[in-house]
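The next block holds one structure in the form of structure tokens; read it before the comments.
The values are calculated or read from the model by the stated rules, or taken from the named source; none is laboratory data. The structure displayed is predicted, hence computed values, not measured ones. Here the Cβ positions follow ideal geometry from the backbone for every residue, glycine too, while neighbour counts run over all protein chains shown.
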């Protein structure tokens, strides 16, 4: 449930209760029992990213709330603490939000401690409390804290006053809080909605804005001069100004890498904007927290200061809305209709159903992964017939293939829209498997692929060696190649084709390359189709995936394997340096994609292979 902005509510009211507006990461905490009956805690941000491993002290403290086998779902805010143990601003969390390594997290726990401030209780045991008034939910929440600890703990109960907020407001002004939240004490919890029952009372002007580009630096400044900022209005990104302050050298370096990975040739802003220095444009998927003094009459920001990037929210408000709805439905253990940008709706059910039992990954988490990766994966599957392999009871149970959509008779799903992506996931199609050709030209593939499939005794190092040899052969032929992990144990190398190429021609080209590699490196590579005839430790260079109607899991697709892998685009430098396919999972890949940008775009935009020139050589 989210608060609305707008007219300031009264500071005296018989209806409202008032709480500080905490400046951190909004989070849902789920506390349940594991197989041994011990507490298992998971922490989720608004966009469905799991934060459990990043805040271990909070997770340990939340475990104390598990009593007599009763599960809990709590709503609250992860906040940084200052040297006196008081909630600090969002900027103080910046050093913790992006950490993944256990040693880095442990160091941050000591250097930059955090707390979880709880302000709502959504579920207690089997009781769904979302339909009960806030005052009743608060009473249950306060009873929990009476049993488990006081306000000085790592998990804290939010402050709240009823009826008269003037004293709290004066304190907020004195101590420099972001503001207050006024809540209707009679209101129910409205999952995924921005409701007037909760209202913001702002003191500091601080909002999130989309990064649409950067300007070149002046004089001795490194990396960039200023960020170009915008906000979505009526579906268009409107320019609101730029900021060149608030960065230290470390953040300048980190941001520069993120910006470069997203650079595009065209401006994402509606209309023309003027900048003091030459501008560079980016794909608008970074969201920055900005503090400013006021807005001008035309909506521009005065004295904006950069506070940090938000990885707990998405830059696209439509995508964030979908994530909020999915989060709310899963937390409430409900089925429902999810409103999509543009007016479409998708019915989702059984979001808490475990698709990866051993990892605790639910259908809801997979849906949220696909929502967040949709800007990258939808161009990969656009206008392509899709083949589904469905796992209705999770990856450990029987699966089956399905080409047609039962509700549509003989119709096949065609990729390219968020609705189709979520409908297929709702049907437990874990991976996204498109044809190599499009609906309009079904006999003409846009690309071909070599599938490097290791035998049971082959190491991934051998797979990498074979990929390098494929790369070398393609380079000799002056043909571009784009590598990605399969998401499982192998690698794929894709080659873009010129228009009107037949499947037969594309497969012949792949057969030539595969055969050359296997002939030159017979101890590591083979084109032998029969498994028991392949030499031990070899990698099968499969060119037969290029038959019309066959499919491979596309880039950015999840995979139905034990580690919940994701098919991840790579650079050839990464192939040379060495990677592991287990580095990229549903829970880790999104951070990788934010840093690396869309490496698969090159497959769609690079000049295609000149097959005629290649075949003339043979």
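Screening the candidates 90, 66, 119 for the property of being crowded, with 16+ Cβ neighbours inside 10 Å, modelled with pLDDT of 90 or more and in contact with a strand residue (DSSP E or B) (Cβ under 7 Å, 6 or more places away or on another chain) yields one hit, 119. With respect to (1) over 30 Å from residue 398 (Cβ atoms); (2) in contact (Cβ under 8 Å) with a residue 40 or more places away in the chain, the lone exception for residue 559 is condition (1). Taking the criterion of being assigned to a loop (DSSP other than H, G, I, E, B) and more than 15 Å from residue 217 (Cα to Cα), the residues of the range 257-281 that qualify are 265, 266, 267, 268, 269, 270, 271, 272, 273, 274. Every listed requirement among (1) touching a strand residue (DSSP E or B) at 6+ places or on another chain (Cβ under 8 Å); (2) over 16 Å from residue 432 (Cβ atoms); (3) surrounded by 15 or more Cβ atoms within 10 Å (Cβ to Cβ) is met by residue 359 save one, (1).
Quickly run through the range 447-468 and pick out the residues that are under 18 Å from residue 604 (Cα atoms) and surrounded by fewer than 22 Cβ atoms within 10 Å (Cβ to Cβ). Hit for the range 447-468 is 447, nothing else.
Does residue 217 satisfy the condition of being closer than 18 Å to residue 331 by Cβ, surrounded by 15 or more Cβ atoms within 10 Å (Cβ to Cβ) and touching a residue at least 60 places away in the same chain (Cβ under 8 Å)?
For residue 217, the condition - closer than 18 Å to residue 331 by Cβ, surrounded by 15 or more Cβ atoms within 10 Å (Cβ to Cβ) and touching a residue at least 60 places away in the same chain (Cβ under 8 Å) - is not met.
Selection of the range 248-280 for residues being in contact (Cβ under 8 Å) with a residue 40 or more places away in the chain and more than 21 Å from residue 591 (Cα to Cα) yields 267, 268, 269, 273, 275, 276, 277, 278, 279, 280.
Condition check for residue 352 on (1) closer than 24 Å to residue 235 by Cβ; (2) assigned to a loop (DSSP other than H, G, I, E, B); (3) in contact with a strand residue (DSSP E or B) (Cβ under 6 Å, 6 or more places away or on another chain): one failure, at (1).
Evaluating residue 6 against the criteria (1) at negative phi; (2) touching a residue at least 12 places away in the same chain (Cβ under 8 Å); (3) loosely packed, with under 15 Cβ neighbours inside 10 Å leaves one unmet condition, (1). Once the range 599-618 is narrowed to residues that are in contact with a strand residue (DSSP E or B) (Cβ under 7 Å, 6 or more places away or on another chain) and within 30 Å of residue 101 (Cα to Cα), the residue that is surrounded by the fewest Cβ atoms within 10 Å (Cβ to Cβ) is 599. Within the range 397-437, the set of residues being over 30 Å from residue 608 (Cβ atoms), in a helix (DSSP H, G or I) and touching a residue at least 40 places away in the same chain (Cβ under 8 Å) comprises 419, 422, 423, 425, 426.
Residue-by-condition table, conditions (1) assigned to a strand (DSSP E or B); (2) closer than 30 Å to residue 242 by Cβ; (3) in contact (Cβ under 8 Å) with a residue 24 or more places away in the chain; (4) out of contact with any helix residue (DSSP H, G or I) (no Cβ under 6 Å at 6 or more places or on another chain):
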site: 167; (1), (2), (3), (4): no, no, no, yes
site: 171; (1), (2), (3), (4): no, no, no, yes
site: 177; (1), (2), (3), (4): no, yes, yes, yes
site: 188; (1), (2), (3), (4): no, no, yes, yes
site: 191; (1), (2), (3), (4): no, no, yes, no
site: 196; (1), (2), (3), (4): yes, no, yes, yes
site: 210; (1), (2), (3), (4): yes, yes, yes, yes
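The set of residues from the range 438-463 being over 20 Å from residue 498 (Cα atoms), outside any loop (DSSP other than H, G, I, E, B) and in contact with a strand residue (DSSP E or B) (Cβ under 9 Å, 6 or more places away or on another chain) comprises 451, 452, 453, 454, 460, 462, 463.
Can you tell me how many residues in the range 522-543 are touching a helix residue (DSSP H, G or I) at 6+ places or on another chain (Cβ under 6 Å) and either closer than 11 Å to residue 470 by Cβ or part of a loop (DSSP other than H, G, I, E, B) (or both)? Qualifying residue count for the region: 6. Checked against the criterion of being modelled with pLDDT of 95 or more, surrounded by fewer than 18 Cβ atoms within 10 Å (Cβ to Cβ) and within 27 Å of the chain's Cα centre (by Cα), the candidates 417, 441 yield just one match: 417. Scoring residue 7 on the criteria (1) closer than 20 Å to residue 177 by Cα; (2) assigned to a helix (DSSP H, G or I) leaves a single failure, condition (2). Does residue 501 satisfy being surrounded by fewer than 19 Cβ atoms within 10 Å (Cβ to Cβ) and either in a helix (DSSP H, G or I) or modelled with pLDDT of 95 or more (or both)? Taking the combined requirement at face value, the residue does not satisfy it.
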